[in-house]
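*Asks:* Have a look at this one before I ask anything.
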Amino acid sequence: MSIRAAYLSMHRQSELNAFKHGITANQFVLLMLLAEEDGISQRDLVERAFSDPNTVRAMLVLMEKQGLVERDQHPNDGRKRNVTLTPKGREIYQKVSDENETMRESLKALFSPEETQKLLVFLDTISKAMTESVKRDKLKKARQKNIEEQNQDLK
């Protein structure tokens with residue numbers, strides 16, 4: 001099995017766990033981030049999810065309609081919105097998280113403790129490399145946008 005196939009299989013199972021509770025795996029990521037630190041700004045949520053502001057906003061609008069999150073104006077900055085989990089959102093998060101934990105435990109059982117530790121080190125290395133790649137891409141896009149704006153000003 002290739003890495004791609006393994007990833008797709010795990011993603012598919014996570015998506016099924018979330019779908020049983022009326023959300024997507026991507027929405028679960030937002031619930032998880034809010035469960036870790038509730039009441040953060042929508043902008044912080046975008047950064048922590050490594051996602052696009054428009055995508056996160058669209059997901060939050062749907063999740064708000066489902067009663068999973070609430071979005072309120074930031075007390076000090078009217079342009080910002082803080083996002084909090086509702087009791088229903090926390091309940092859905094916990095259910096999907098428990099089901100995902102069962103899947104993780106099944107996967108861990110396939111390896112010895114030493115192999116699991118090595119796997120965690122490898123996954124951490126991959127995660128850090130991907131984070132750096134996302135940061136480089138964002139910086140590159142920001143520089144390109146700046147150049148385009150400067151060129152537009154010269155016209």
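The values are calculated or read from the model by the stated rules, or taken from the named source; none is laboratory data. These figures come from a predicted structure and were not determined experimentally. In this analysis, Cβ positions are derived from the backbone assuming ideal geometry, glycine residues included, and neighbour counts consider all displayed protein chains.
*Asks:* Restricting to helices (runs of 4 or more DSSP H) lying wholly in segment 22-133: which have 2 or more residues that are closer than 21 Å to Ala6 by Cα and touching a helix residue (DSSP H, G or I) at 6+ places or on another chain (Cβ under 6 Å)?
*Replies:* Passing ranges, in order: 25-36, 87-108.
*Asks:* Could you tell me whether segment 94-108 includes any residue that is touching an Asp or Glu at 6+ places or on another chain (Cβ under 8 Å), within 24 Å of Phe19 (Cβ to Cβ), surrounded by 10 or more Cβ atoms within 10 Å (Cβ to Cβ) and not hydroxyl-bearing (Ser, Thr, Tyr)?
*Replies:* no
*Asks:* Checking Ser14 against (1) touching a Phe, Trp or Tyr at 6+ places or on another chain (Cβ under 8 Å); (2) at pLDDT 90 or above; (3) under 23 Å from Thr131 (Cβ atoms), which test does it fail?
*Replies:* (2)
*Asks:* Please go through segment 63-86 and give me each residue that is among the polar types (S, T, N, Q) and more than 11 Å from Gly39 (Cβ to Cβ), ordered by number.
*Replies:* Answer for segment 63-86, where residues must be among the polar types (S, T, N, Q) and more than 11 Å from Gly39 (Cβ to Cβ): Gln66, Gln73, Asn76, Thr86.
*Asks:* Moving on. Filter segment 40-50 for residues that are in contact (Cβ under 8 Å) with a residue 40 or more places away in the chain and out of contact with any Asp or Glu (no Cβ under 9 Å at 6 or more places or on another chain) and give the result.
*Replies:* The answer is Ile40, Gln42, Phe50.
*Asks:* I need every pair where a residue in segment 1-30 that is within 16 Å of Ala49 (Cα to Cα) has its Cβ under 8 Å from the Cβ of a residue that is part of a loop (DSSP other than H, G, I, E, B) and among the hydroxyl-bearing types (Ser, Thr, Tyr), sequence separation at least 6 or different chains.
*Replies:* Pairs that qualify, where the first residue is within 16 Å of Ala49 (Cα to Cα) and the partner is part of a loop (DSSP other than H, G, I, E, B) and among the hydroxyl-bearing types (Ser, Thr, Tyr), are Asn26/Ser51.
*Asks:* Filtering segment 16-36 down to residues that are within 13 Å of the chain's Cα centre (by Cα) and of a type outside the set (A, V, I, L, M), which residue is surrounded by the fewest Cβ atoms within 10 Å (Cβ to Cβ)?
*Replies:* Glu36
*Asks:* Out of segment 18-74, which residues are closer than 16 Å to Ser97 by Cα and aliphatic (A, V, I, L, M)?
*Replies:* Within segment 18-74, Ala18, Ile23, Ala25, Val29, Leu30, Leu31, Met32, Leu33, Leu34, Ala35, Leu68 meet the criteria.
*Asks:* If you don't mind, there's one more thing I want to ask. Output the residues belonging to segment 24-39 that are closer than 16 Å to Glu70 by Cβ and out of contact with any strand residue (DSSP E or B) (no Cβ under 9 Å at 6 or more places or on another chain).
*Replies:* Selection gives Gln27, Glu37.
*Asks:* Ok, one more. Please go through (1) surrounded by fewer than 12 Cβ atoms within 10 Å (Cβ to Cβ); (2) touching a Leu at 6+ places or on another chain (Cβ under 8 Å) for Val56 and return the number of the only condition it doesn't satisfy.
*Replies:* (1)
*Asks:* Check Glu132 against each of (1) more than 18 Å from the chain's Cα centre (by Cα); (2) surrounded by fewer than 11 Cβ atoms within 10 Å (Cβ to Cβ); (3) of a type outside the set (A, V, I, L, M) and name the one condition it does not meet.
*Replies:* Tallying (1) more than 18 Å from the chain's Cα centre (by Cα); (2) surrounded by fewer than 11 Cβ atoms within 10 Å (Cβ to Cβ); (3) of a type outside the set (A, V, I, L, M), Glu132 fails exactly one: (1).
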